[in-house]
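Beneath this line is the structure, given in C-alpha cells, with notes to follow.
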Amino acid sequence: MDIRRFDVFNGDADGICAQHQWRLAHPAESTLVTGVKRDVALLRRVDAAQDAEVTVFDIAIDANAAALRAVLDAGAHVTWFDHHSARQAFAHPRLQLFWDDDPAVCTSLLVDRYLGGRYRAWAVAAAFGDNLAGPARVLAAGMGLSAAQADALAELGTVLNYNAYGECVDDLHVAPEALYRALHPYADPFAFIAASSEYRMLADGYRDDCARMSGLEPQWQWDYGAVYVLPEACWARRVSGVLANRVAAAERTCAFAVLTPCPDGAFVVSVRSGAPGTHPANVLCEGFPGGGGRRAAAGINQLPAADVGRFVRAFSDYFAGCGEGPHAR
C-alpha cells in the first residue's frame, strides 16, 4: 500500500532548511504544504487519511490545534518540530513532538539535533536567518568553517528568510515551495550559493530593497525600544523582517516593533524582545487577535488600523524599563 506523505513547513529560512535537512536524511515523495511567513495555519490544508505520514516544521501548534486533532483522528501519524508557543500541545500515540522554546533555538537546530548534525551547515544558515547569529557562529566554528564561510551562510540564511515576508506569494521573489525545490538537490549550501540562479535573484532583490530601507526612522521611540511604521509597498513588506532583526541586533537589550501596512488598511506586526526571558514577545502579541510566536520574536497577523494606538500603548507598558514617554515623530 502506498503511504500518503505530507510535508508542512513555514516558508521562511528556518522552515525551509528544517524541511530540507529532514528530506535529505529521509528521501521520499510528498505533498508540500507551505506559504508566506505569516501563513502559519497550514495544517488545515492537509487532507490526511488512515496511515498517512505528516511532518511539520516551524509552525505553532497553538495556531493548528484543531486541525492537528482532525488529522490524528483521521488516523495519520504526525512528526512535529517547532520552537513557538505550544500552550495547546497534547499527547497522542500517533504524535511525536520535538519542541523547545529556548530563545537560542530554532526549528532547524532541533532537526539538526535529531539528525546528529548530518546536514549542519543548513541548520547554521537557518539560525542566521532566524536572527540567532550567536548560536550560528558557535556551530560554524565547531564545524571548522572559516569566517568567510560563516559569513556566506549568514547571507544565505538572511536572503532565504527575507524572501518569505509578504502579504501573499505574489509579493515574494520566489514562491516558498519553488525555493525549496530549487535548493533541495544541494546537500552542500555552498554549492547552492555558487550555482543557483534563485540565490542570485534573492541576493540582488535583497540588496535593492535594503537600499530603500536605509532612511527609515521610528514613529515612536523610548529609551527601551521603538516602533516603526513602514510605507504601503511590496518592497516594504519584503524587508519588514530584515528591519526588525537589524534593529534588534543593534540594540540587544531593547524591544522593537515593525508595523507593515496591508492593502486592506490593517497592519502586520513584527515584535522583537530584548528580554525574552522576562518579557517574551509572544505574550504581548497574544493579547491581540491573530497574535503569537516565540519568546524572542513574535507578531500579529492583522492589526486593524483603529487598534494601532492600543498596540503602541500595550508595547510601551509591557517593555517599559527606564526612560521617559514616547517621542512621536
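The values are calculated or read from the model by the stated rules, or taken from the named source; none is laboratory data. From a predicted model like this one, the values you see are computed outputs, not experimental measurements. Glycine gets a Cβ as well: all are built from the backbone with ideal geometry, and neighbour counts include every protein chain shown. These accessible areas exclude ligands, DNA and RNA; they are computed on the full protein's heavy atoms, side chains included. Shrake-Rupley method; radii C 1.70, N 1.55, O 1.52, S 1.80 Å.
Out of the residues in the stretch 4-56 that are acidic (Asp, Glu) and assigned to a loop (DSSP other than H, G, I, E, B), state the one that is nearest to residue 178 (Cα to Cα).
Within the stretch 4-56, the match that is nearest to residue 178 (Cα to Cα) is 12.
Looking only at the stretch 73-97, which residues are under 28 Å from residue 136 (Cβ atoms), surrounded by 15 or more Cβ atoms within 10 Å (Cβ to Cβ) and either among the charged types (D, E, K, R) or free of Cβ contacts under 8 Å to residues at least 40 places away in the same chain (or both)?
Correct list: 79, 80, 82, 86, 89, 97.
Hey, can you tell me all the residues within the stretch 187-197 that are open to solvent by less than 60 Å² (accessible area, probe 1.4 Å) and either touching an Asp or Glu at 6+ places or on another chain (Cβ under 6 Å) or of a type outside the set (A, V, I, L, M) (or both)?
189, 190, 192, 196
Quick check on residue 316: is it crowded, with 23+ Cβ neighbours inside 10 Å and assigned to a helix (DSSP H, G or I)?
no
Taking the residues in the stretch 249-279 that are among the small types (Gly, Ala, Ser) and crowded, with 24+ Cβ neighbours inside 10 Å as candidates, determine which candidate is farthest from the chain's Cα centre (by Cα).
From the stretch 249-279, those among the small types (Gly, Ala, Ser) are 249-250, 255, 257, 265-266, 270, 273-275, 277; that's our starting set.
With crowded, with 24+ Cβ neighbours inside 10 Å added as a condition, the list becomes 255, 257, 270, 273.
Working: 255: 18, 257: 15, 270: 11, 273: 15 Å.
Going through the qualifying residues, I end up with 255.
Of the residues 38, 137, which single one is open to solvent by 40 Å² or more (accessible area, probe 1.4 Å), at pLDDT below 95 and basic (Lys, Arg)?
Step by step, each of 38, 137 is checked, and only 38 is open to solvent by 40 Å² or more (accessible area, probe 1.4 Å), at pLDDT below 95 and basic (Lys, Arg).
Quick one: in the stretch 280-296, which of the residues that are touching a helix residue (DSSP H, G or I) at 6+ places or on another chain (Cβ under 7 Å) and within 19 Å of residue 107 (Cβ to Cβ) is surrounded by the most Cβ atoms within 10 Å (Cβ to Cβ)?
Residue satisfying both the conditions and the ranking: 293.
Being open to solvent by 10 Å² or more (accessible area, probe 1.4 Å), assigned to a helix (DSSP H, G or I) and either of a type in the set (Asp, Glu) or closer than 28 Å to residue 276 by Cα (or both) is the requirement here; does residue 62 meet it?
Spelling it out, residue 62 is indeed open to solvent by 10 Å² or more (accessible area, probe 1.4 Å), assigned to a helix (DSSP H, G or I) and either of a type in the set (Asp, Glu) or closer than 28 Å to residue 276 by Cα (or both).
Name the residue that is farthest from the chain's Cα centre (by Cα), counting only residues in the stretch 198-228 that are more than 30 Å from residue 20 (Cα to Cα), open to solvent by less than 70 Å² (accessible area, probe 1.4 Å) and among the hydroxyl-bearing types (Ser, Thr, Tyr).
224
Which of (1) modelled with pLDDT under 95; (2) within 19 Å of the chain's Cα centre (by Cα) is the odd one out, the single condition residue 51 does not satisfy?
Going through the list (1) modelled with pLDDT under 95; (2) within 19 Å of the chain's Cα centre (by Cα), residue 51 breaks only (2).
Anything in the stretch 156-174 that is in a loop (DSSP other than H, G, I, E, B), open to solvent by 40 Å² or more (accessible area, probe 1.4 Å) and touching a helix residue (DSSP H, G or I) at 6+ places or on another chain (Cβ under 8 Å)? List them, or say none.
167, 173
Being modelled with pLDDT of 95 or more, part of a helix (DSSP H, G or I) and more than 26 Å from residue 86 (Cβ to Cβ) narrows it down to one of 150, 125, so name that one.
Numbers: 125 fails: more than 26 Å from residue 86 (Cβ to Cβ).
Only one candidate qualifies: 150.
Give the number of residues within the stretch 186-228 that are hydrophobic (A, V, I, L, M, F, W, C) and not in a helix (DSSP H, G or I).
So the first thing to find is which residues in the stretch 186-228 are hydrophobic (A, V, I, L, M, F, W, C), and the list is 187, 190-195, 201-203, 210-211, 213, 216, 220, 222, 226-227.
Now narrow it down to the ones that are not in a helix (DSSP H, G or I): 187, 216, 220, 222, 226-227.
Within the stretch 186-228, residues that are hydrophobic (A, V, I, L, M, F, W, C) and not in a helix (DSSP H, G or I) number 6.
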